[in-house]
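Got a structure for you, written out below as structure tokens; questions coming shortly.
The values are calculated or read from the model by the stated rules, or taken from the named source; none is laboratory data. All figures in this text were calculated on a predicted structure; none of them were measured in a lab. Note that each Cβ is placed from the backbone with ideal geometry, even for glycine, and that neighbours are counted across all protein chains shown. Surface accessibility is based on the protein's heavy atoms, side chains included, excluding ligands, DNA and RNA. Shrake-Rupley method; radii C 1.70, N 1.55, O 1.52, S 1.80 Å.
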Amino acid sequence: MSKKPKSAKTKSKLGSLLVNGILLLIVLLWTIPTIGVFVSSFRDPFDIQTSGWWSVFPHKEWVKIDEFKPADDLDRDSVMKIAGVSGTFAEFRAGILKPDGEKVTWVGNKRLGMIQIQEKKWVTRTKFTLDNYDKVLSGKKYVIKTSSGATKEFQGDNFSGALLNSLTVAIPATVIPILIAAFAAYGFAWMQFPGRRILFVLIVALLVVPLQVALVPILKDYVKLDLNGTFLAVWLAHTGFGLPLATYLLFNYISGLPRDILESAFIDGASHFTIFMRLILPLSVPALASFAIFQFLWVWNDYLVALVFIGAKPDVQVFTMRLAEIVGSRGNDWHLLTAGAFVSMVLPLIVFFSLQRYFVRGLLAGSVKG
Amino acid sequence: MKSVPDAKEKPTNILEWLISNLAGLFISVAMPIITFGVLIIVFKWLRATTPNTMTEKVLVSLVAIVWGVGGALILYLISNKVVEQLPPKWVKLLQPFIFVGPAVVILLWYLALPAARTFWISLFNRDGTQFVGLSNYVAVFTERDMLEAFRNNVLWIIFGASLSVIAGLIISVLADRSKFENLAKSLIFLPMAISMVGAGVIWNFIYEVKDVADPQIGLLNAIMVLFGGKPQAWTALNQPWNNLFLIVILIWMQTGYAMVIFSAAIKGIPEELIEASRVDGANELQIFFRIMIPYIMGTIITVSTTVIIFTLKIFDVVWVMTGGQFGTHVIATQFYRQAFTNQNKGFASAIAIVLLIAVVPVMIYNLKQFSGKEAF
């Protein structure tokens with residue numbers, strides 16, 4: 001993403017203020033959802049359930065300055081006079097403002113509740129913790145306080161195991177299609193054989209085929225071959241679905257390499273295999289990298305293929321399945337969901353920010369995938 | 001190259017040839033067998049092991065990765081070595097298939113044949129025991145659930161795809177004139193790196209609804225309450241408009257993609273062209289609509305096509321956020337439900353074929369583009 005010099009005329013102050021202002025607004029709109037999850041993942045589970053994540057920023061809030069028991073002989077069903085103000089129980093429950101700005105609130109039920117004197121103060125809710133990450137990553141048992149005040153025991157989600165599985169799926173499912181596609185791209189670009197054109201037409205045609213078309217028959221094959229639930233099954237599936245684009249992109253790149261390099265190598269007596277390994281692969285690194293990032297993010301973030309070919313096997317489940325499972329069964333456990341979501345984002349974000357240039361190049365070259 | 005006898009030699013010399021090529025024979029027979037053997041043994045071991053501790057798990061994962069990546073590489077090396085033992089004429093004939101073969105086999109197995117097989121399955125009943133002709137297709141286009149899914153997909157395309165493209169276009173033009181171009185673009189592009197499931201979590205949190213009496217922890221409902229409104233279950237109520245709250249997620253994720261591509265296209269517009277129109281008195285809006293948009297029309301069409309195809313197959317977001325409840329099913333979630341929850345393979349296959357037919361125009365366009373190329 002390189003800059004080009006902006007013309008002097010566009011630099012009119014008002015215009016640039018407007019442009020930057022709107023852009024800032026859009027950027028905020030785009031990042032706030034992620035920031036909310038990021039901030040929440042470090043908050044105490046009780047805090048998450050009882051206050052918005054934005055309360056970590058300074059804000060005015062009613063804060064308890066005094067608390068006492070209402071007199072036992074108070075008639076709670078009629079108008080009462082407490083701490084200098086009077087009102088019914090319902091009014092006290094909602095809180096009654098005193099002229100000096102303090103608020104008298106009845107906390108709890110009619111019989112056993114307490115009276116709180118509250119004052120509006122600047123506060124920040126900054127009880128940060130790493131416990132959420134610990135709970136979601138490990139498989140240990142732990143205890144938390146729920147929003148009703150009771151304590152509950154939970155089993156950790158062993159997210160680290162799921163992340164490891166994701167990595168075990170993603171690395172070979174990125175390298176294998178690239179290897180196969182690079183060989184094929186070289187074959188199509190530099191070798192003569194019968195059926196060359198028709199086979200390449202096939203690849204172009206398959207570029208946009210939706211993978212839904214393949215799921216039912218492939219699952220049948222896997223059941224027959226007893227491959228279901230193995231890493232190999234998922235690697236091969238991702239290889240199959242990523243291969244058309246990989247071959248197409250790498251062919252475009254490899255066929256564009258200067259012909260005389262190869263010809264001089266042939267004259268020196270090198271075989272196709274040697275030329276491919278020693279010459280073409282090193283020269284194609286930019287194209288390989290672009291596609292690798294593309295495919296890695298695609299596989300890492302994939303949910304459907306994993307769901308179909310890994311199924312219910314808990315020890316090979318990838319993180320997207322685990323995360324979706326928590327959403328489905330305990331969708332209110334935000335301390336786990338936010339931490340889990342964020343952990344799963346770390347690796348793609350690192351890849352993305354460190355290799356953004358290649359990723360963009362890959363996108364530019366291949367906006368045709370199906 | 002090895003010194004191999006001329007291919008024209010008489011077969012009587014075959015014994016002599018064999019002896020002189022014992023090493024070659026070893027390579028072409030024993031090595032593949034040994035390699036296959038080792039690969040299969042390791043695979044069996046991987047299947048049988050159930051790691052108990054995290055350390056064991058890491059080790060098993062490492063072995064699996066090395067097995068997968070190394071295995072693929074070794075298979076290429078070995079098969080190439082085997083072919084290179086043959087006479088040069090055979091090498092020339094067979095070697096291309098070593099290079100292209102695996103890709104072709106996998107593509108046939110995983111995409112080309114399944115398309116045909118899925119069509120075949122779609123002509124049968126739920127467990128493939130009875131031929132039912134096109135009645136699955138009739139059901140696809142008449143069942144209430146399916147019609148709802150089609151309607152929703154149309155909503156996804158009308159709102160999701162078009163707004164991503166429009167937002168991407170506007171942002172790319174704005175960013176092009178800003179000093180913070182790279183930072184802004186990176187941040188808007190960022191959701192592309194996140195999984196749809198993760199994005200589902202992020203947006204579920206925005207839409208979270210609590211009891212009216214409790215403080216709202218979801219941003220949208222907190223804003224509602226702040227302005228005196230009532231908290232709502234955004235993704236469940238007000239059908240079919242609840243779909244829009246799911247569609248927002250797609251826009252959030254796909255705008256970055258559109259923006260990056262448009263950004264590159266806009267940088268390709270010659271500066272003189274824009275300067276000249278400024279000199280002629282065109283204002284910024286006129287430049288945008290009369291110069292920029294026509295100039296990058298090709299890119300706009302490509303991006304729109306890609307985003308539409310993507311939207312057509314949208315699955316993860318819906319499946320994670322609502323599971324298709326509250327009238328939010330789309331084609332791909334209906335496919336999944338029919339194929340794996342209902343176990344009605346015939347019906348599911350018909351849905352998949354309908355998806356395939358929907359992308360055929362793009363396929364034809366791609367093929368036309370390709371056959372126009374001189375290089376092949």
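Suppose every K and R has +1 on its Cβ and every D and E has -1 on its Cβ; what is the size of the dipole of chain A about the Cα centre, in Debye to the nearest 20? Working shown, then result.
Details: 38 positive and 26 negative charges, 231 e Å.
So the dipole magnitude of chain A works out to roughly 1120 debye.
Take every Cα-Cα distance within chain A, group them into 10 Å bins from 0 onward, and report for each bin the whole-number percent of pairs it holds.
4, 16, 19, 19, 16, 11, 8, 4, 2, 1, 0
First select every other residue whose beta carbon is under 13 angstrom from the beta carbon of B:G200; then total the charges, Lys and Arg +1, Asp and Glu -1.
Numbers: positive: none; negative: A:E325, B:E208, B:D316.
Net charge around B:G200: -3.
While we're on this one: Of all DSSP beta bridges located in segment A:14-153, what percent are antiparallel, nearest 5?
Details: 23 of 23 bridges.
Antiparallel bridges: around 100 percent, rounded to the nearest 5.
Taking every eigenvalue of the Cα gyration tensor of chain B, multiplying by 5 and rooting it, what semi-axes result, largest first, whole Å? Could you put the intermediate results ahead of the total?
Values: eigenvalues 510, 209, 123 Å².
Ellipsoid half-lengths, sorted descending, are 50, 32, 25 Å.
Treating the Cα atoms of segment A:57-123 as identical point scatterers in vacuum, please give the log10 of the normalised Debye intensity I(q)/I(0) at q = 0.14, 0.16 Å⁻¹, two decimals.
Listed by q, the Debye log ratios stand at -0.40, -0.51.
In degrees from 0 to 90, rounded to the nearest 10, what is the angle of the helix B:242-267 Cα long axis to the longest principal axis of chain B?
That works out to roughly 70 degrees.
Run down the aspartates and glutamates and flag those whose C-alpha is under 15 Å from the C-alpha of B:K267, throwing out any fewer than 8 positions away in its chain.
B:D176, B:E181, B:E275
Another question, if that's okay. Stretched out fully, how many nm does the piece from A:E61 to A:L74 gain, at 0.36 nm a residue minus the Cα gap? Present the calculation step by step, with values, prior to reporting the outcome.
On the way: separation 13, 0.36 × 13 = 4.68 nm, distance 2.93 nm.
Stretched out fully, the A:E61 to A:L74 stretch lengthens by 1.8 nm.
Still on this structure, please answer the following. What are the aspartates and glutamates whose alpha-carbon lies under 13 Å from the alpha-carbon of A:K98, with same-chain residues fewer than 8 places away excluded?
A:E119
Give the aspartates and glutamates reachable from A:K220 as a straight Cα distance under 20 Å; neighbours fewer than 8 places away on the same chain don't count.
B:D127
Could you tally the net charge around A:N109, taking each other residue with its Cβ under 11 Å from the Cβ of A:N109, Lys/Arg +1 and Asp/Glu -1?
On the way: positive: A:R76, A:R93, A:K110, A:R111; negative: none.
Its environment carries a net charge of +4.
While we're on this one: Sort A:L164, B:L244 by accessible area with a 1.4 Å probe, largest first. Display every interim value, and only then the final one.
Values: A:L164 30, B:L244 55 Å².
So, going from the largest accessible area down, we get B:L244, A:L164.
Still on this model: Apply the Debye scattering formula to segment B:158-235, with a single equal point scatterer on each alpha-carbon and no solvent, then give log10 I(q)/I(0) at q = 0.23, 0.27 Å⁻¹.
-1.00, -1.10
Please go through the residue pairs A:K64/A:K127; A:K224/A:K313; A:K69/A:K120; B:K57/B:K345; A:K60/B:K230; B:K345/B:K368 and name each one whose alpha carbons sit more than 25 Å apart in this structure. Before the final figure, lay out the partial values.
Details: A:K64/A:K127 18 Å; A:K224/A:K313 18 Å; A:K69/A:K120 22 Å; B:K57/B:K345 36 Å; A:K60/B:K230 22 Å; B:K345/B:K368 34 Å.
Exceeds cut-off: B:K57/B:K345; B:K345/B:K368.
Could you tell me what percent of the accessible area of segment A:159-365 is made up of carbon and sulfur, with a 1.4 Å probe and every protein chain present?
So the carbon and sulfur contribution to the accessible surface is 66 percent.
Then there's this: Placing unit charges on C-beta atoms (Lys and Arg positive, Asp and Glu negative, everything else neutral), compute the dipole magnitude of the protein assembly as shown about its Cα centre in debye, rounded to 20.
Details: 64 positive and 47 negative charges, 150 e Å.
Value, rounded to 20: 720 debye.
Rounded to the nearest 500, what is the 222 nm mean residue ellipticity of chain A from helices alone, with -39500 (n - 2.57) per DSSP H run of 4+ residues and division by all residues? Intermediate values should be presented prior to the final figure.
Values: 15 runs with 206 residues, N = 370.
Helix-only estimate at 222 nm: -18000 deg cm²/dmol.
I'd like the distance between the alpha-carbon centres of segment B:248-319 and segment A:60-74, rounded to an integer number of Å.
60 Å
Which one, A:A71, A:P99, A:H59, projects farthest toward the positive side of the charge dipole computed for segment A:57-123 from Cβ point charges (K/R +1, D/E -1)?
Comparing the listed Cα positions along the dipole, A:H59 ranks first.
Quick one: angle between helix A:334-354 and the longest Cα principal axis of chain A, in degrees between 0 and 90, rounded to 10, please.
40 degrees
On to the next question. Enter the per residue convex hull volume of segment B:172-314, computed from alpha-carbon coordinates, in Å³ rounded to the nearest integer.
161 Å³
Below 8 Å between Cα atoms, with a sequence gap of 6+, how large is the relative contact order for chain B in percent? The partial results should precede the final answer.
Values: 353 pairs, mean separation 78.5, N = 376.
After rounding, I find 21 percent.
Considering all projection directions equally, how large on average is the shadow of the alpha-carbon convex hull of the protein assembly as shown, in square nanometres?
42.8 nm²
Please list, by residue number, every one of the GluC sites (Glu not before Pro) in segment B:261-332 that is coil in DSSP and has at most 13 other beta-carbon atoms within 10 Å. Don't skip to the answer; put the middle values down first.
On the way: sites: B:E271, B:E272, B:E275, B:E284; in loops: none.
Here no GluC sites (Glu not before Pro) fit, given the DSSP loop and packing criteria.
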